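Quick notes on the structure that follows.
FYI, it's all coordinate maths here, none of it is from the lab. For clarity, every value in this text was computed on a predicted model and none was experimentally measured. Every residue, glycine among them, receives a Cβ derived from its backbone with ideal geometry; neighbour counts consider all protein chains shown.
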Amino acid sequence: MGDLPNIHDHSLLEYRVDLANRRITFVTQPEEARSQPNIEPVLTVFEGREGHHFDRVSSSVIFLDIEEASLSDFLKNHERELDEGSKSVGAPPWWGGSLEKAQAYLVGRNVRAFEINSSYGFSGWVLATQVRRSE
């Protein structure tokens, strides 16, 4: 678990899910840009996406942070959600109701679990091989 991009108090301008290239990008505005208009948006990019879920996305999201969780803890904490999602929409494809099989698949692909927290208007997670900041 390495250094994660700092998105504390950033406002979400948009997010992009690129399924073909297995990438999710958050376009955010740092807090200081609210009073200094010449500050460029920041891109936070998740590469090697294996799954994601975003909930309660509102029009005025303010992020708290990105936290990395161990895969085993993540899968245990989200087992019910993954099972229900698999039954209703058949995704993600690596989930078959078995924590052990899911973990083996994800570990074999160097996937990490990222929890996205906000102060207001957003919650969710991303399973990806890496996350980086791109100015």
Relative to the longest principal axis of the C-alpha atoms of the chain, give the angle of the C-alpha long axis of helix 79-89, reported between 0 and 90° and rounded to the nearest 10°. 90
Which one of Ile39, Ser134, Asn6 has its Cα pushed farthest toward the positive end of the charge dipole of the chain, where Lys and Arg give +1 and Asp and Glu give -1 at the Cβ? Ser134
R0 = 30 Å: FRET efficiency of Glu40 with Leu19, Cβ-based, nearest 0.05? 0.65
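Over segment 11-134, what is the mean sequence separation of C-alpha contacts under 8 Å (at least six apart), divided by residue count, expressed as relative contact order in percent? Working shown, then result.
Working: 236 pairs, mean separation 39.2, N = 124.
Computed value for segment 11-134: 32 percent relative contact order.
Using Cα pairs closer than 8 Å and at least 6 residues apart in sequence, work out the relative contact order for segment 33-102, in percent.
Working: 26 pairs, mean separation 14.0, N = 70.
About 20 percent, as a whole number.
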Round to the nearest 10 and give me the degree value, 0 to 90, for the angle of helix 99-108's Cα axis relative to the longest principal axis of the chain. 60
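Where does the chain land at 222 nm, in deg cm²/dmol rounded to the nearest 500, when only DSSP H runs of n ≥ 4 count, each adding -39500 (n - 2.57), divided by all residues? Write out the running numbers ahead of the final one.
Values: 3 runs with 28 residues, N = 135.
Calculated at 222 nm, the ellipticity per residue is -6000 deg cm²/dmol.
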Test of understanding: extend the Cα→C-beta vector of Asp83 to 7 Å, then name every residue of segment 94-131 with backbone N under 20 Å from that spot. 94-106
Tell me the label only: which of [x] 2, 10, 15, 13, 10, 9, 7, 6, 5, 4, 4, 3, 3, 3, 2, 2, 1, 1, 0, 0; [y] 2, 10, 16, 18, 17, 17, 13, 6, 1, 0, 0; [z] 2, 10, 19, 23, 20, 13, 8, 3, 2, 1 is P(r) over Cα pairs in 5 Å bins from 0, in percent as calculated from this structure? [z]
Two-site label geometry, Arg109 and Leu64: point separation in nm, points 7 Å out along Cα→Cβ: 2.8
Could you tell me how far the Cα centroid of segment 19-50 sits from the Cα centroid of segment 58-135, in Å? 18
